[in-house]
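Notes to accompany the following structure.
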Amino acid sequence: MTGNPQPSSLHDLDLPALREALAGDGVNPHHAATLWRVLHREGATNLAACDFLPPLRRWIDRSVGEGKAWFLDAPELVEEIPSSDGLTRKFLLRLRDGQTIETVLMGYEGRHTVCVSTQAGCAMGCVFCATGQMGFVRHLRPGEIVAQVHHARRVLRGIDPAKRVRNLVLMGMGEPLHNYDSVMRALGIVSDTRGIALGPARIAISTVGVVPGIRRLAEEGRPYRLAVSLHGSSEEERAALVPASKRWPLAELIGACRDYGRATGKRIFFEWTLIEGENDSPATATRLAALLAGMDAHVNLIPLNPTGGYGGIESRPESARRFQAILREAGFPCTFRQRRGIDVAAGCGMLRAAKRDRRVEKTGVAG
Ligand code: SAH
Ligand code: SF4
């Protein structure tokens with residue numbers, strides 16, 4: 001390979017880009033389909049062990065590997081923690097530059113869902129979120145997002161070869177719409193029917209409310225599901241929990257959601273982390289119902305997972321039930337998200353934070 005001084009990841013490429021890469025090196029681009037199948041359908045991490053026709057084999061030997069033009073994204077497993085109910089596994093994965101990210105495999109009711117990270121850290125600073133508390137480190141490349149799905153598929157295959165990952169949620173570390181282009185590239189790769197073939201309607205993007213990103217999703221006719229993390233039904237209430245709401249105020253966000261719903265005809269899922277005394281009063285629920293009036297909206301209530309940097313506690317069961325009842329009474333489907341193994345530090349960013357804290361304890365160095 002010439003003209004490519006910086007090694008790049010083959011997992012960053014969609015199929016047209018892979019064809020281009022081969023053609024650029026004088027290899028017939030129809031070999032791209034074979035390589036794509038091996039990379040994405042089979043999920044291979046070692047191309048040396050795979051069977052290829054000689055022209056493709058020669059290109060791979062010449063171009064792929066440490067110190068060559070292309071590498072494969074195959075993050076290293078640092079830690080794997082199963083939940084006590086055995087239905088959730090959380091992985092802490094180390095990227096090439098040493099950054100660690102979290103991926104979760106959930107297996108409820110026979111449906112297997114992977115939750116992936118889109119950034120190392122997050123710039124949005126939601127006060128109750130472990131990822132927000134660590135600040136922004138960097139965006140993930142498309143291949144680093146795709147590789148998390150591959151990791152989960154491999155684990156699932158190891159448990160039972162007949163089982164398949166069916167759903168993908170972008171609810172791990174980071175804000176997907178703050179890393180829009182890489183996320184869209186990754187979703188194009190994982191939904192390609194010649195590879196992992198996840199159905200676009202089974203992919204959910206969760207956003208803190210990045211208004212330009214929501215508008216772009218509608219304009220570009222992206223086929224994925226949209227979840228918006230709201231957590232407050234007045235500007236003041238929301239701003240206390242979600243600093244990003246100063247940049248994209250609630251009124252603007254709801255306007256963008258209404259436009260999105262009108263343009264796409266799709267339901268929007270609103271996520272709400274219930275925090276005792278902060279955002280769980282009947283008045284807040286009534287105001288939320290008014291805010292969503294006329295929209296095709298589903299409200300997902302999430303119990304607060306405790307994090308080191310936030311003193312709030314989860315709502316009492318009776319407050320949570322009352323909150324749900326008010327929304328239902330107003331005609332909105334409103335469900336509780338299962339708490340997925342709080343015993344394995346399941347909230348996004350909590351495993352990485354816990355790891356850091358253990359290190360701090362060992363060395364006695366704080367911060
Ligand atoms: N950045 C995106 C997606 C990642 S966070 C977003 O904010 O939507 C995924 C979901 O987990 C969000 O709804 C977020 O509010 C919620 N969350 C984060 N930390 C939490 C915690 N400690 N307890 C409960 N929910 C939390
Ligand atoms: Fe970022 Fe989402 Fe955490 Fe907010 S809740 S800090 S947007 S990851």
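Values as computed for the structure displayed
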| quantity | calculated |
| --- | --- |
| Spans of strands (runs of 3 or more DSSP E) in the range 134-213 with at least 1 residues open to solvent by 40 Å² or more (accessible area, probe 1.4 Å) and either out of contact with any strand residue (DSSP E or B) (no Cβ under 8 Å at 6 or more places or on another chain) or of a type outside the set (D, E) (or both) | 136-139, 165-170 |
| Check on T118, in contact (Cβ under 8 Å) with a residue 60 or more places away in the chain, of a type in the set (S, T, N, Q) and within 19 Å of G188 (Cβ to Cβ) | yes |
| Looking only at the range 105-127, and only at residues there that are among the β-branched types (V, I, T) and open to solvent by 20 Å² or more (accessible area, probe 1.4 Å), the one that is farthest from ligand 2 (Cβ to nearest atom) | T113 |
| Cross-chain or 6+ apart pairs with Cβ under 6 Å, the range 306-319 first and open to solvent by less than 50 Å² (accessible area, probe 1.4 Å), then part of a helix (DSSP H, G or I) | T307/A130 |
| Qualifying residues in the range 71-128 (those that are in a loop (DSSP other than H, G, I, E, B) and acidic (D, E)) - the one nearest to ligand 1 (Cβ to nearest atom) | D85 |
| Any chance V190 is over 28 Å from H30 (Cα atoms) and either modelled with pLDDT of 95 or more or of a type in the set (D, E) (or both) | no |
| Residues (of a type in the set (S, T, Y) and more than 16 Å from ligand 1 (Cβ to nearest atom)) located in the range 193-234 | T193, S234 |
| Any hit, the range 145-155, residues being within 25 Å of R215 (Cβ to Cβ), within 16 Å of ligand 1 (Cβ to nearest atom) and either without any contact (Cβ under 8 Å) to a residue 12 or more places away in the chain or assigned by TED's automatic domain parsing to the domain that holds N300 (or both) | yes |
| Index of the failed condition, I189 passing every other in (1) touching an Asp or Glu at 6+ places or on another chain (Cβ under 6 Å); (2) within 12 Å of ligand 1 (Cβ to nearest atom) | (2) |
| In the range 14-43, residue nearest to Q148 (Cα to Cα) [restricted to those that are in contact (Cβ under 8 Å) with a residue 24 or more places away in the chain and assigned to a loop (DSSP other than H, G, I, E, B)] | G43 |
| Unique match (being in contact (Cβ under 8 Å) with a residue 24 or more places away in the chain, under 18 Å from V149 (Cα atoms) and open to solvent by less than 70 Å² (accessible area, probe 1.4 Å)) among L95, L77, L87 | L95 |
| Residues that are within 30 Å of I189 (Cα to Cα), within 13 Å of ligand 2 (Cβ to nearest atom) and in contact with a Phe, Trp or Tyr (Cβ under 9 Å, 6 or more places away or on another chain), drawn from the range 199-248 | I205, S206, V208, G209, V210, G213, A227, V228, S229, L230 |
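To keep it simple, each residue is scored yes or no on (1) within 16 Å of ligand 1 (Cβ to nearest atom); (2) surrounded by 19 or more Cβ atoms within 10 Å (Cβ to Cβ); (3) among the β-branched types (V, I, T); (4) farther than 15 Å from M295 by Cα.
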site: E236; (1), (2), (3), (4): no, no, no, yes
site: S245; (1), (2), (3), (4): yes, yes, no, yes
site: D259; (1), (2), (3), (4): no, no, no, no
site: T264; (1), (2), (3), (4): no, no, yes, no
site: R267; (1), (2), (3), (4): no, no, no, no
site: F270; (1), (2), (3), (4): yes, yes, no, no
site: L274; (1), (2), (3), (4): yes, yes, no, yes
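The values are calculated or read from the model by the stated rules, or taken from the named source; none is laboratory data. Source: prediction; values computed, not measured. Note that we place each Cβ from the backbone using ideal geometry, even for glycine, and neighbour counts take in every protein chain shown. Areas reflect the complete protein model, heavy atoms only, side chains present, ligands, DNA and RNA absent. Shrake-Rupley method; radii C 1.70, N 1.55, O 1.52, S 1.80 Å.
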